[in-house]
Amino acid sequence: MTWLPADFAHPTRVDLDAEHHLRPIRESDVDIDHPAVMGSRERLWSLYGEAWGWPPATMTHEQDRVDLARHEREQDAHESFNYALFDADETALLGCVYIDPADDADALISWWVVDEHVGTDLERALDAFVPRWIAREWPFAEPRYGI
């Protein structure tokens, strides 16, 4: 795809703070991704449902695994990126950051945290961090934020 320079190397780990980091999501993250997504499903549907049809109300563990495998392939091909937000030991998936090509901008950037962290310092830290990180590490002149 032409939306990224051929020699661009996407970050493989990004520290948010001493207790949280982002890294590209993997198929093997399904055991902590599925409960995170489904536990916040209604709010996520309000954010992404109309545009993406995600997450479906009855998404199974296996459907989530297939979706994560697709994300992993797309990241490897630099077609789009899904960074998961983890605690230090990666025992909990706390949200995601999406970086996708867009027709009307260099990229479309959106993110979310699990319901438990809405309105908390973690959400505020992610809200402040993502635009700075995109400006610093990604080759986009005019990204669009939000879905």
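Summary table
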quantity: Matching entry among Leu85, Leu108, Leu93, Leu126 (being in contact with a Leu (Cβ under 6 Å, 6 or more places away or on another chain) and either at negative phi or open to solvent by 10 Å² or more (accessible area, probe 1.4 Å) (or both)); calculated: Leu85
quantity: Close pairs from the range 134-147: first open to solvent by less than 40 Å² (accessible area, probe 1.4 Å), partner outside any loop (DSSP other than H, G, I, E, B) and not hydrophobic (A, V, I, L, M, F, W, C), Cβ under 7 Å, at least 6 apart; calculated: Gly146/Ser110
quantity: Verdict on Ala9 being without any contact (Cβ under 8 Å) to a residue 40 or more places away in the chain and loosely packed, with under 12 Cβ neighbours inside 10 Å; calculated: yes
quantity: Tabulated pairs, the range 90-117, first in contact (Cβ under 8 Å) with a residue 40 or more places away in the chain and over 13 Å from Ser40 (Cα atoms), second basic (Lys, Arg) and surrounded by fewer than 21 Cβ atoms within 10 Å (Cβ to Cβ), C-beta under 6 angstrom, 6+ apart or interchain; calculated: Ala102/Arg144
quantity: Qualifying positions in the range 19-52 - under 15 Å from Leu85 (Cβ atoms) and loosely packed, with under 15 Cβ neighbours inside 10 Å; calculated: Glu19, Gly39
quantity: Residue check for Leu16: under 22 Å from Asp127 (Cα atoms) and surrounded by 16 or more Cβ atoms within 10 Å (Cβ to Cβ); calculated: yes
quantity: Counted residues, the range 53-70 - those being in contact (Cβ under 8 Å) with a residue 12 or more places away in the chain, within 16 Å of the chain's Cα centre (by Cα) and open to solvent by 60 Å² or more (accessible area, probe 1.4 Å); calculated: 1
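The values are calculated or read from the model by the stated rules, or taken from the named source; none is laboratory data. All values reported here derive from a predicted model rather than from experimental measurement. As a convention, Cβ positions derive from the backbone with ideal geometry for all residues, glycine included, and neighbour counts pool all protein chains shown. What goes into the accessible areas is simple: the full protein's heavy atoms, side chains included, and nothing from ligands, DNA or RNA. Shrake-Rupley method; radii C 1.70, N 1.55, O 1.52, S 1.80 Å.
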